[in-house]
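**Student:** Here it is, the structure, as structure tokens.
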Amino acid sequence: MSKPILETGRILQIAFIVSDVEAAAAKYAKLFGIDTPPVSVSGAYEDAHTEYWGKPSKARCKMAFIDLDNIQLEFIEPDEEESDWKKSLEEKGDCLHHIAFEVKGMKDQIASLKETGIECIQKGDYPGGRYAFMDTEKEYMVKFELLEND
């Protein structure tokens, strides 16, 4: 058996890009008979250090999360700054955006994927960790997000 390209054993999230995060979160909350989750806003560039295709980006988004027994659903509403979130919404409308995998050693995981021709689209920090969206849609039918929590 060969060494895996992506070293992980855990999917953490399924995420959707939406034009109205409050409406999407409320719809899913009703589906599961739970309270509508609160909406939060991603950090500013000074905290998030967001990069889009390797360049600094002031992109921010509104987010809501629904925790189910085995996975988290994430709803993301982008702002008007250039980002993968915004591009996805413009090209596809409300849609599935990514599957998030828990990883250790973010830089090594990005490098391993890059060796196979998969580029990092967008990355940044959040309190307690970091994320990276990988350009895996052609190869794996959906984008991957790598999440590394401290």
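**Student:** Within the set of pairs 6+ apart or on separate chains, which have a first residue in segment 30-57 that is touching a residue at least 40 places away in the same chain (Cβ under 8 Å) and over 14 Å from Ser83 (Cβ atoms), a second that is open to solvent by 90 Å² or more (accessible area, probe 1.4 Å) and not small (Gly, Ala, Ser), and C-beta atoms under 9 Å apart?
**Tutor:** Qualifying pairs under 9 Å: Asp47/Pro127.
**Student:** Please pick out the residue among Glu7, Glu90 that is in contact with a helix residue (DSSP H, G or I) (Cβ under 8 Å, 6 or more places away or on another chain) and open to solvent by 70 Å² or more (accessible area, probe 1.4 Å).
**Tutor:** Step by step, each of Glu7, Glu90 is checked, and only Glu7 is in contact with a helix residue (DSSP H, G or I) (Cβ under 8 Å, 6 or more places away or on another chain) and open to solvent by 70 Å² or more (accessible area, probe 1.4 Å).
**Student:** On to the next question. Please state which of the following conditions Lys104 fails to meet, knowing it meets all the rest: (1) under 28 Å from Lys3 (Cα atoms); (2) touching a residue at least 60 places away in the same chain (Cβ under 8 Å); (3) open to solvent by less than 40 Å² (accessible area, probe 1.4 Å).
**Tutor:** Looking at each condition in turn, Lys104 falls short on (3).
**Student:** From the list Asp35, Asp47, which one is over 19 Å from Asp125 (Cα atoms) and surrounded by fewer than 20 Cβ atoms within 10 Å (Cβ to Cβ)?
**Tutor:** Matching residue, one of Asp35, Asp47: Asp35.
**Student:** Taking only segment 74-132 into account, find how many residues are in contact with a Cys (Cβ under 6 Å, 6 or more places away or on another chain) and more than 28 Å from Ala29 (Cβ to Cβ).
**Tutor:** 2
**Student:** What pairs come out if I take residues in segment 62-87 that are farther than 12 Å from Ser42 by Cβ and surrounded by fewer than 18 Cβ atoms within 10 Å (Cβ to Cβ) and pair them with residues that are among the aromatic types (Phe, Trp, Tyr) and modelled with pLDDT of 95 or more whose C-beta lies under 7 Å away, six or more apart or interchain?
**Tutor:** Hits for this filter: Gln72/Phe65; Glu82/Tyr52.
**Student:** Another question, then. Scan segment 116-143 and report the pairs whose first residue is open to solvent by 70 Å² or more (accessible area, probe 1.4 Å) and whose second residue is charged (D, E, K, R) and not in a loop (DSSP other than H, G, I, E, B), with Cβ atoms within less than 6 Å and a gap of 6+ or a chain change.
**Tutor:** Lys123/Glu51
**Student:** Take Leu113 and decide whether it is under 28 Å from Pro4 (Cβ atoms), touching a strand residue (DSSP E or B) at 6+ places or on another chain (Cβ under 8 Å) and among the hydrophobic types (A, V, I, L, M, F, W, C).
**Tutor:** Values: under 28 Å from Pro4 (Cβ atoms): yes; touching a strand residue (DSSP E or B) at 6+ places or on another chain (Cβ under 8 Å): yes; among the hydrophobic types (A, V, I, L, M, F, W, C): yes.
Yes: the conditions hold for Leu113.
The values are calculated or read from the model by the stated rules, or taken from the named source; none is laboratory data. This one's a predicted model, so the numbers in the text were calculated from it and none came from an experiment. Note that each Cβ is placed from the backbone with ideal geometry, even for glycine, and that neighbours are counted across all protein chains shown. SASA here: full protein model, heavy atoms, side chains in, ligands and nucleic acids out. Shrake-Rupley method; radii C 1.70, N 1.55, O 1.52, S 1.80 Å.
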